[in-house]
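> Sharing a structure below in structure tokens format, with a few things to ask.
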Amino acid sequence: MADWVEAVNPNAEGTMNEPLELTCKVSGVEVTAENIMWISTEPDTDTATMKKVYSVSDDGLTLTIKKFNAKRIGGYKCVVEKDGKTSEGVFEVTLPIVHEDLIEPVEETVNFVEGEDLVLQVNKLEGTITDLTWECDGETIVNGENGFKITNKKGFSKLIVKAADADSAPKSCTCHATGVGSQDSAEITVTAEENTITITPKKAKLTCTAGKKKCSIQF
């Protein structure tokens, strides 16, 4: 493969709903737009077949993603063919992750009684959530394993430990939410208290009848 082509901005970062330009530079050979093809990889797709999404400059050296979004993340190639030889410029396009308020904990500190269910909950806010995971004491939680149950609904997510005790219950859990180019997390601290039984003494009344050997006790 020849080495005429150089990607000018090989590690391009897009901005949501804004145009993004990718530019290649050709050296050592005369080419026209007819010699240049832009390909979106994973899988390879000729961008010329998606004119609503992409446009190419008159000289063929610049590809414009008209309205960038998460679907446009990935690899691109500027492929130049001349005299039976081919050269490529390779691009990797990303969307920077920013913080967005996606979730909030119902309680930042949860105190549970040993032997009862431990329930941690976060409410989902207005942003779009594409992925949500729970992590406790540094370990990612898998639903149904090690006594953990995760319930995800439209407006909230719950992490439940059935009949929790102080030794097996986590000390801290974090819910991680990923949105479209954004992320958020909520940490919840867990404390436990013993399940105690209080016995209150009560006076008893002893009754004996004269001439009989039995007595009765009333509480």
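The values are calculated or read from the model by the stated rules, or taken from the named source; none is laboratory data. None of the values given here were measured: they were computed from a predicted structure. Using ideal geometry, Cβ is built from the backbone for each residue, glycine included, and neighbour counts are taken over all protein chains shown. We work out accessible area using only protein heavy atoms, side chains counted, and drop any ligands, DNA or RNA first. Shrake-Rupley method; radii C 1.70, N 1.55, O 1.52, S 1.80 Å.
> I'm trying to understand the selection: among the residues of the stretch 44-60, which are at negative phi and out of contact with any Lys or Arg (no Cβ under 9 Å at 6 or more places or on another chain)?
Correct list: THR45, ASP46, THR47, ALA48, THR49, MET50, LYS51, VAL56, SER57, ASP58, ASP59.
> Filter the stretch 1-30 down to the residues that are buried (at least 17 other Cβ atoms within 10 Å of the Cβ) and of a type in the set (Gly, Ala, Ser), then identify the one that is farthest from VAL180 (Cα to Cα).
Here the answer is ALA7.
> May I ask you to list the residues in the stretch 42-62 that are assigned to a strand (DSSP E or B), out of contact with any Asp or Glu (no Cβ under 6 Å at 6 or more places or on another chain) and either touching a residue at least 24 places away in the same chain (Cβ under 8 Å) or among the hydroxyl-bearing types (Ser, Thr, Tyr) (or both)?
THR45, TYR54, SER55
> Which residues, counting only those in the stretch 31-41, are open to solvent by 60 Å² or more (accessible area, probe 1.4 Å) and not in a strand (DSSP E or B)?
THR32, GLU34
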